[in-house]
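The values are calculated or read from the model by the stated rules, or taken from the named source; none is laboratory data. Keep in mind that what you see is a predicted model, and the values were worked out from it rather than measured. Heads up, the Cβs are rebuilt from the backbone with ideal geometry, glycines too, and the neighbour counts pull from every protein chain shown.
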Amino acid sequence: MTSITNHVRTLSARAGALAGALALSLAFASNVHAAGAQAITAKDAWVRWLPNNLPAAGYVTLVNAGDKPVDLVDISSSDYGDAMLHQTVSNGSSQKMVMVDKLTVPAHGQVAIAPGGYHVMLEDAKHKIAPGDTVHLKLKFSDGATLDTPFAVKSPAQTK
Ligand SMILES: [Cu+2]
């Protein structure tokens, strides 16, 4: 009698573990689905290239199709050793760059990282980069999404 009870216990323990595993995989599946409905998209991504290994500047417009604001929180690149978000601030006649920790893309809105405002400072190119090339920046957002975005490299003359 004891052995039958033990057997039944073992079975129900297994059933419990199975139900747990199933619930876990369902939860995982719904997370994957949520990540698939990405709120942020990138458009008009380009880099202003400068000769002589001078730092380049990346520009892009971020569009948020979601109901909540999303922050751009990190930028990295396999093509540059350093990629940082900067803002150009003018003080009367002089201009300076300041570091930006995060940039908020408003719900159902967009934000432009564009000349005169924000730029992604790109330094320490890992290989030879020239106008006509495409480089990739990885944009990370506060909702957990990552956008691996191609940027068209342009010479200063091409951007006028
Ligand atoms: Cu800068």
Checklist outcome for this item: Only unsatisfied item for residue 91, checking (1) modelled with pLDDT of 95 or more; (2) surrounded by fewer than 17 Cβ atoms within 10 Å (Cβ to Cβ), is (1)
Next on the checklist: Among the residues of the stretch 94-112, what is the count of those that are within 12 Å of the ligand (Cβ to nearest atom) and assigned to a strand (DSSP E or B)?
Outcome noted: 5
Next on the checklist: Tell me whether the stretch 34-43 contains one or more residues that are within 16 Å of the ligand (Cβ to nearest atom) and assigned to a strand (DSSP E or B).
Outcome noted: no
Checklist entry - Here are some residues: 103, 54, 26, 18. Which one is modelled with pLDDT of 95 or more and among the hydrophobic types (A, V, I, L, M, F, W, C)? => result 103
Checklist entry - Say we look at the stretch 113-154 and pick out the residues that are within 16 Å of the ligand (Cβ to nearest atom) and surrounded by fewer than 17 Cβ atoms within 10 Å (Cβ to Cβ); which of these is farthest from residue 102 (Cα to Cα)? => result 124
Next on the checklist: For a quick check of your reading of the model, give me the residue pairs whose first member lies in the stretch 37-62 and is surrounded by fewer than 16 Cβ atoms within 10 Å (Cβ to Cβ), whose second is β-branched (Val, Ile, Thr), with beta-carbon atoms closer than 9 Å and at least 6 apart or on different chains.
Outcome noted: 41/63; 43/60; 43/61; 43/63; 44/60; 44/61; 61/111; 61/113
